[in-house]
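Reading through the structure tokens given below for one structure.
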Amino acid sequence: MLAIKHNPMYRQLTCWLAVALLVLVQTSATAQETFAHAGEYMTRFSELYEPFAADMWAYMSASAHSNNAQKIEKRREELIRTVYDIRKQVRSQPVWKGDAGLRDSTASFFNLCYFVLKEDYARIVNLEAIAEQSYDLMEAYLAAKEQAYDQLNEASARLQAEQYRFADTHRVQLVESEKSKNAERIEAASQVIAYYNRVFLIYFKAFKQEAYLTEAVNSGDVNAMLQNQNTLARLAAEGMATLDTMPDFAGDGSLKEACLQQLLFFREEASDKAPMIIDYFLQKETFERIKAVLDKKPTQERTQEDIDGYNAAVNAYNAAVAAYNSTNEELNKSRTALYNAWNKTSTLFMDKHVP
Amino acid sequence: MKTFPCLLLYLLSLLPLAAPAQNEPQYCRETRRLLSLFNERHYSPMTLDSAATQRVLLTYIDALDPDRLIFTQQDIDELAPAWYGLSDQVRAGGCACLSVSIDRYRARLGDARQRLDSYVQQAPDYTQADTLRFSMQALARPRAADDAALDRYWQRWFKYKTLLRYYYQQQPSDTPATAFADLEPTLRRQALTREQCRIDQVLGHPMGFEAYAASVFLKNLSEQFDPHSAYFSAYEKDRFESSLATEALSFGIELDENRYGDIEIGRLTPGGPAWRSKELHKGDVLIDIRLPDGQVVELDCQDLDAIEDLLSRHDRLSLTVRKQSGRFQQVALAREQVAVTENIINSLVLEGDRRLGYIHLPGFYTDWEDERALGCANDVAKELFRLRQEGIEGLIIDLRYNGGGAMTEALQLAGIFIDEGPLCVMQQRKEGIRSLKDANRGTIYDGPMIVLVNGLSASASEIFAAAMQDYRRAVIVGTPTYGKASGQVVLPLTASSAATSGFVKVSVSRFYRLDGSTHQRQGVQPDVLLPDALAPFMPAEADDATAFPGDSMAGGGRPFQPLPPLPLDALAARSGQRLDTSARFGAIRMQYEDALRLVQTDLDLQLAAASFPADMQRIEQRFRRSDEAQTAPSPVFTARNHRTAAAILAIDPLLAGQNQSLIDKLTRDPYLEEACFILNDLIVLTGQ
């Protein structure tokens, strides 16, 4: 079984989308002297986003354009360190005239952001409850991640609302400033990632299901083979139906096409190839039983009917072995080619659309 | 300094408590360890207060003396004070209560032996109007108050045993009746020998008398926690393991104890050495076993366990049996590999109005030694695949008399029919609550389905049936199931692998259904209820006072996605109409009523030679009718094998014979016939 290529971009999901909304809002002190300090207070918070945006972009860019895993990981660690520092700075800020709302909601947002980037979801969501409701560890991981990002988005919305409340309470006029270069890049990249993630999830579900089927074949578990075969066929069909409703990305249909080819392969594997593999296990069992019966019979007691029955079982078993071998060879060949095509298309897609 | 001697005395008095005595009997150590292990691991540990200790004593005495012929009430009253503070005694490293009870048991067995000797000399008075009362209710007859009362018990018991021998000896009615008085001395001597043997077997138990009596205590103590917790001595474990190791090698005979306490051949394994000898038959009574070294082991005074143990230790031997004709015969046998009956013949195609599949699962088997081994669920999946290839329109899974087995297999089996999701909820004392889920996403069969159950479908069978019912995946047909919703683990009593140490089975978990309810005690209630003539005789979890309660799970159930509702009311109504006009089920209902009366009514047997045979015959007659009602083959369906099984059966006449017997039995089974009707109705009503 091939291992799926680790794609750090996938992990980004909507984290930055939440923060991107914040950088659109810049504070600006009005001419009125009495409000100048509150404006400066807000500006001090908004300045903290700049190093965050810079490091986030560096990480996103590396993920999209580099094949160097070490470099990508290094960028991620830098980003986490930056968020850690920002969180510390936010917490050290004084309250403004007894109003701790802005400081606390900013701290809460960066706190969540820190744990999300570290993938420490246990600090954010109830992993036990999620595991209880999930089919397997992968589904639990994806659900934990989704819930963590939901919470991050909620924290972002709360923070934004708090900014407006604070400005209103302390009579600060908010003016939308021009987006920074990094914010623009991140916004564009986020759209690419969101699209990629939708297609990837369709592929990944079927990919994981195929892994279960392979595991069942390796352990000779016919029960698991039959069930996983049935589910692989269903997931491939559902995936194709969803792909059908999705538009191309900026006129580029390559990712969808690569995913479609994978799903067609999975569909064929489930409906045409898996039955041949399962048949091999059943023929093997039948042959072994017939052989055991015949082996126990003394040669002189064996009838022509016995010999004919044994020969028929041998022939059926040999045919099943041949079909099993050729099916596996064919599957391995197609699987490798399609897997490489998917990785190549993904890399090209990211490279092309992420600024 | 003046206080020193007192202090020293005080310290010395503490010593025996602080450190267990060096020569502490092993059963004391095992008792201490058992209690500690149960307190640590059992789902609901027991506090050994005075009421519990009293219960432990009484149930122990009952376990040693179930017929109440050994101990008197006076014995119990005298032993009781020694049992006060049982848990303190054990914790302090002693178990004097057990030692004195075992001593008393030995003495009372000796008394009973002497009493029996006195009966050799003198025949009981058969003219005296004596009655023996048999009750199937929970309340047994009271213990004899003292020795005089015990003597009267024995007299009556002995008369009963002698009359019973007379009754069975006179049964083949083609022989002219012999007067009881003529046979009485011989029959009495036979009955006497049998009773003496029973006592001698206990006194000379292969484990040693003390170890045996203590193992009964440890078993009984375990069962006080709940009916499924148990203790196995090292001796039993050793025997169990040697029986596993020799499972493939066998003489091909299964032994039974007959109504006189003799050991007879209960079954011959088809194709095995005994079967092929053509000289041994079911019902032959074993007289002696001749070992390869020439030693002759008389079996008069051997119990079933001891004989099976002897058989398992020799590869060649010669059996002397008494045939039913009375003739003696000697047969030499050599142990060899006997084919294990495969489950291939347990799946059939039923041909009637529609083609239906039938799978009988006798137990949830797996390889306990290998976690990754594939068990019964995998075999069922393969059978199902083959039945699907035959184009079946509906499926019957038969779990009657399936007492359970591996929980993982029950979950795997349920997964075959359910796409994904939780199947039941497991609760443990320390680990909390956890859903047990379908291991594989997807199904193998999603067509109409029936699960056939009865009162002996237990444990894993019930988990499976409940999951099918909760998901509305299948119609449950039959009688309410046993009612066991708990899980056990087997643990060694000591951490070291000492060969002399026993094992315990501890109930560590309880299971709940997805809505938070339980089938504990009440069983899984069928959607379509069928009468069962034997139901009143079947044991059930609720019969046991120490069984876990049938409570609901704290915090409610677990979310899951059931399938659309099944037309259960319509199916039950149609089945009810059929049953009302069915002669077979009419007879079954009558037998059920009889059986119920039999259970609820105490039986008084007059211990007089004139009336006894007629009384016994009347009792036996009541049970005999149940067989006659089920002998006609069904006009509704025929049964055949699927193609793969047919190919194997074609070259294996032995298996083919067994297969034909199964088909003959199933085509005469009124429950299977009714299940076919219900499945047909289900297909019609759901338009599947």
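Read the figures in this text as sums done on the coordinates, not as results from a lab. The structure presented is a predicted model; accordingly, all values stated were derived computationally and were not measured. A quick note on method: Cβ atoms are made from the backbone with ideal geometry, for glycine too, and the neighbour counts reach across all protein chains shown.
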In debye, nearest 20: dipole of the protein assembly as shown around its Cα centre with unit charges on the Cβ of K, R (+) and D, E (-)? 1200
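Against the 2.2 N^0.38 Å scaling, with N counting residues, where does region B:264-319 land? I'd like the Cα-based Rg ratio to two decimal places. Working shown, then result.
Details: Rg = 11.4 Å, N = 56, 2.2 N^0.38 = 10.2 Å.
With N residues counted in region B:264-319, Rg over 2.2 N^0.38 Å equals 1.12.
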Run the helix sum for the protein assembly as shown: -39,500 (n - 2.57) per DSSP H stretch of 4+ residues, divided by residue count, reported at 222 nm to the nearest 500 deg cm²/dmol. -18500 deg cm²/dmol
Can you give me the three principal axis dimensions of the protein assembly as shown from its C-alpha atoms, in Å, biggest first? 129, 105, 61
For residues of A:287-293, the mean tally of beta carbons on other chains within 10 Å: 4
Given points 7 Å out from each Cα along the Cα-Cβ axis, report the B:Thr186 to B:Cys301 separation in nanometres with one decimal. 2.3
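Does chain B classify as rounded, prolate or oblate by the C-alpha gyration tensor (a ≥ b ≥ c root eigenvalues; a/c under 1.5 gives rounded; else a/b over b/c gives prolate, otherwise oblate)? Present the calculation step by step, with values, prior to reporting the outcome.
Details: a/c = 1.69, a/b = 1.23, b/c = 1.38.
Taking the square roots of the gyration eigenvalues as a ≥ b ≥ c, chain B is oblate.
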With point charges of +1 on the Cβ of Lys and Arg and -1 on the Cβ of Asp and Glu, referenced to the Cα centre of region A:143-261, which listed residue (A:Ser180, A:Phe207, A:Ala237) lies farthest in the positive direction of the dipole? A:Ser180
Taking a ≥ b ≥ c as the square roots of the eigenvalues of the Cα gyration tensor of region A:198-237, is the shape rounded (a/c under 1.5), prolate (a/b larger than b/c) or oblate? oblate
Please state the charge dipole magnitude for region B:308-455, taken about the Cα centre, from unit charges on C-beta atoms (+1 on K and R, -1 on D and E), reported in debye and rounded to the nearest 20. 600
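What do you get for GluC sites (Glu not before Pro) in region B:359-405 restricted to DSSP loop and a cutoff of at most 12 other Cβ within 10 Å of the site's Cβ? Numbers along the way, then the final one.
On the way: sites: B:Glu369, B:Glu371, B:Glu383, B:Glu390, B:Glu393; in loops: B:Glu369, B:Glu371, B:Glu390, B:Glu393.
Those that pass, being in a loop and sparsely packed, are B:Glu369, B:Glu371.
Output the Kirkwood hydrodynamic radius of region B:80-233, Cα pairs only, in Å rounded to one decimal. Walk me through the intermediate numbers first.
On the way: mean 1/r = 0.0532 Å⁻¹.
By the Kirkwood definition, the hydrodynamic radius is 18.8 Å.
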Report the local net charge at A:Val354: Lys and Arg +1, Asp and Glu -1, summed over other residues whose C-beta lies under 12 Å from its C-beta. 0
Taking the Cα centre of chain B as the origin, how large is its charge dipole in debye, to the nearest 20, when only Lys and Arg (+1) and Asp and Glu (-1) carry charge on their Cβ atoms? 400
Computed over the Cα atoms of region B:23-64, the Rg and Dmax in Å are 11.8, 33
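Relative contact order for chain B: what is it in percent, counting Cα pairs under 8 Å that are at least 6 residues apart? Numbers along the way, then the final one.
Values: 1130 pairs, mean separation 89.5, N = 688.
That works out to 13 percent.
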Step through the residues of region A:183-200 one at a time and calculate ³J(HN,Hα) from phi using the Karplus curve (6.51 cos²θ - 1.76 cosθ + 1.60, θ = phi - 60°), rounding each to whole Hz and writing x for Gly and Pro. 4, 4, 4, 5, 4, 5, 4, 4, 5, 5, 5, 4, 5, 4, 4, 4, 5, 4
Please list, short to long, the whole-number percent of alpha-carbon pairs of region A:67-164 in consecutive 10 angstrom bins beginning at zero. 15, 35, 32, 16, 3, 0
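Could you work out the longest stretch of chain B that avoids the trypsin sites (Lys or Arg not before Pro) located in DSSP loops with at most 12 other Cβ atoms within 10 Å? If you can, show how the numbers build up before the last one.
Numbers: sites that count: B:Lys2, B:Arg259, B:Lys278, B:Arg313, B:Arg327, B:Arg372, B:Lys430.
So the longest stretch without any such site is B:431-688.
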To the nearest 10 degrees, how steeply does helix A:49-65 sit against the main Cα axis of chain A, on a 0 to 90 scale? 30
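Of the cross-linked pairs A:Lys297/B:Lys237; A:Lys181/A:Lys256; B:Lys237/B:Lys278; A:Lys273/B:Lys382, which ones have a Cα-Cα span greater than 26 Å in the structure shown? Each step should come with its number before you reach the end.
Details: A:Lys297/B:Lys237 36 Å; A:Lys181/A:Lys256 30 Å; B:Lys237/B:Lys278 34 Å; A:Lys273/B:Lys382 18 Å.
With Cα atoms farther than 26 Å apart: A:Lys297/B:Lys237; A:Lys181/A:Lys256; B:Lys237/B:Lys278.
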In whole Å, largest first, what are the principal axis extents of the Cα atoms in chain A? 114, 42, 36
Taking the square root of 5 times each eigenvalue of the Cα gyration tensor, what semi-axes in Å does the equivalent ellipsoid of region A:232-322 have, largest first? 50, 9, 7
Angle between the Cα long axis of helix A:274-296 and the longest principal axis of chain A, 0 to 90 degrees, nearest 10? 40
For B:Ser250, the residues 5 or more places away or on another chain with a placed amide H closer than 5 Å to its own amide H are B:Glu336, B:Gln337, B:Val338
Taking every residue of A:225-235, the Cβ atoms of other protein chains inside 10 Å of its Cβ average out to 5
Compute the longest continuous run of chain A that contains no exposed GluC sites (Glu not before Pro); treat a site as exposed when its DSSP state is not H, G, I, E or B and it has at most 16 other Cβ atoms within 10 Å. A:179-355
Karplus ³J(HN,Hα) for region B:149-159 (6.51 cos²θ - 1.76 cosθ + 1.60, θ = phi - 60°; Hz, whole; x = Gly/Pro) runs 5, 4, 4, 5, 4, 4, 4, 5, 4, 5, 4
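For region B:503-588, just say rounded, prolate or oblate: build the C-alpha gyration tensor, square-root its eigenvalues into a ≥ b ≥ c, call rounded for a/c under 1.5, and beyond that prolate if a/b exceeds b/c, oblate if not. Spell out each step's value before the answer.
Working: a/c = 3.59, a/b = 1.38, b/c = 2.60.
It is oblate, given that a/c is not under 1.5 and a/b is not larger than b/c.
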What are the aspartates and glutamates whose alpha-carbon lies under 12 Å from the alpha-carbon of B:Lys505, with same-chain residues fewer than 8 places away excluded? B:Glu223, B:Asp226
Where does helix A:33-47 land angle-wise versus the long Cα axis of chain A, in degrees 0 to 90, nearest 10? 30
Stick to Cα atoms and the Kirkwood definition of Rh, then tell me Rg/Rh for region B:628-688. 1.09
Within the under-9-Å Cβ sphere about B:Ser634, not counting B:Ser634, Lys/Arg +1 and Asp/Glu -1 give a net charge of -1
Across peptide B:439-448, how many C-beta atoms of other chains are within 10 Å of each residue C-beta, on average? 6
